[in-house]
Amino acid sequence: MSHNWLAHRPYRAHDATALRSLFRTLKAERLVFANPMRGINGGKPATTIPTSLTTDEVEFVAQAARQDPALRVVVALAGIHALPARRIRSMLEEVDLPGRRLDPEGLDHPLDNYTAEAITDYLSHRHRHWPNSTNPHLLVSRNTATTTAAVGTFWMDKLVKELPVGVDRLRQDRILEEALVNGADPLHLAHVFSLGTRTSLRYTSAVATSAAEQGPPAPLNRSAHAGQAPGSILGFVPSTLQNS
């Protein structure tokens, strides 16, 4: 088998890994007798550098979040608390509205006004549409309201498809903001957002590289959007997610 086609694939490292795994499984099941991917190196996956949102992206997200209660919750959890999409979809009873705490995976974050209001409004919306739902997850859909399942990736992708950025970019923007304000300290990022060492260094390196190339970047002036969108748009004070 020729593997020249891999050179023109945009994600050749991932494609090569998937094919190796596929043929390894087929060979183990005796459906093929050789692994044609053996010895073929697809290279290493490209390392992407986290980037902040532009002013236009911020304004678009802010406007969209005001129109959809579920989207507003997703924007808050990703853009303020930097939760990944999988955690947002699977969130259970980790919100303490009276005590103003958010406890995803034991992080025990203070619950800011924007997120508290977003969740409160969404719960009212959910009760109006599915008053008898006993689904334990925070977010439900028409398909999951009568079950105990979490919403799926398709639901989440559809929710944010009109935005200029996805959930991961919202999350990246929040972590970069924290890194910028707190001196690109990887230990601080690891503590606040429960990040691994390599991930924390990825963000601090992005901030350091930006500073070296063009001087310390000034945070976008997003205070005019208070109460409308994610952490940086809120004028949200970085490091207030630490335990208090």
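The values are calculated or read from the model by the stated rules, or taken from the named source; none is laboratory data. Predicted model, so just to flag it, every value in this text is computed and none were measured. For neighbour counting, all protein chains shown are included, and Cβ atoms are generated from backbone atoms with ideal geometry for every residue, glycine included. For accessibility, only protein heavy atoms count, side chains too; no ligands or nucleic acids. Shrake-Rupley method; radii C 1.70, N 1.55, O 1.52, S 1.80 Å.
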Study note, to complete from the structure: Counting sequence-distant residues (5 or more places) and residues on other chains, those with an amide H built under 5 Å from that of Arg101 are Asp96, Leu111
Exercise for review: Enter the accessible area per residue of the range 118-211 (Å², integer; probe 1.4 Å; all protein chains in place).
Suggested key: 52 Å²
**Study point:** Dimensions (Å) - the range 64-107, Cα atoms, principal axes, largest first
**Key:** 30, 24, 16
Point to revise | From phi via Karplus (6.51, -1.76, 1.60), per-residue ³J(HN,Hα) for the range 106-112 in Hz, x at Gly/Pro | key: x, 6, 6, 8, x, 9, 6
Review point. Round to a whole number: what % of the accessible area of the range 58-102 belongs to carbon and sulfur, probe 1.4 Å?
Key: 51 percent
Exercise for review: Mind ranking 83-89, 124-130 by how tightly packed they are, going by the mean number of other C-beta atoms within 10 angstrom, highest first?
Suggested key: 83-89, 124-130
Exercise for review: Using θ = phi - 60° and the Karplus relation 6.51 cos²θ - 1.76 cosθ + 1.60, list the HN-Hα couplings for the range 150-159 in order, rounded to whole Hz, with x at every Gly or Pro.
Suggested key: 7, 5, x, 5, 4, 4, 5, 4, 5, 4
Revision key, fill the gap. Once phi for every residue in the range 54-61 is put through the Karplus expression 6.51 cos²θ - 1.76 cosθ + 1.60 (θ = phi - 60°), the whole-Hz ³J(HN,Hα) values, with Gly and Pro written as x, are 7, 4, 5, 5, 4, 5, 5, 5
Practice item. At a temperature of 25 °C and a viscosity of 0.890 mPa s, determine how fast the range 45-201 diffuses translationally according to Stokes-Einstein, using the Kirkwood radius over alpha-carbon pairs as Rh; express D in µm²/s, rounded to the nearest whole number. Key: 150 µm²/s
Check your understanding: Which of the peptides 64-73, 161-170 is most tightly packed, and how do the rest follow, judged by the mean count of other Cβ atoms within 10 Å per residue?
Key -> 64-73, 161-170
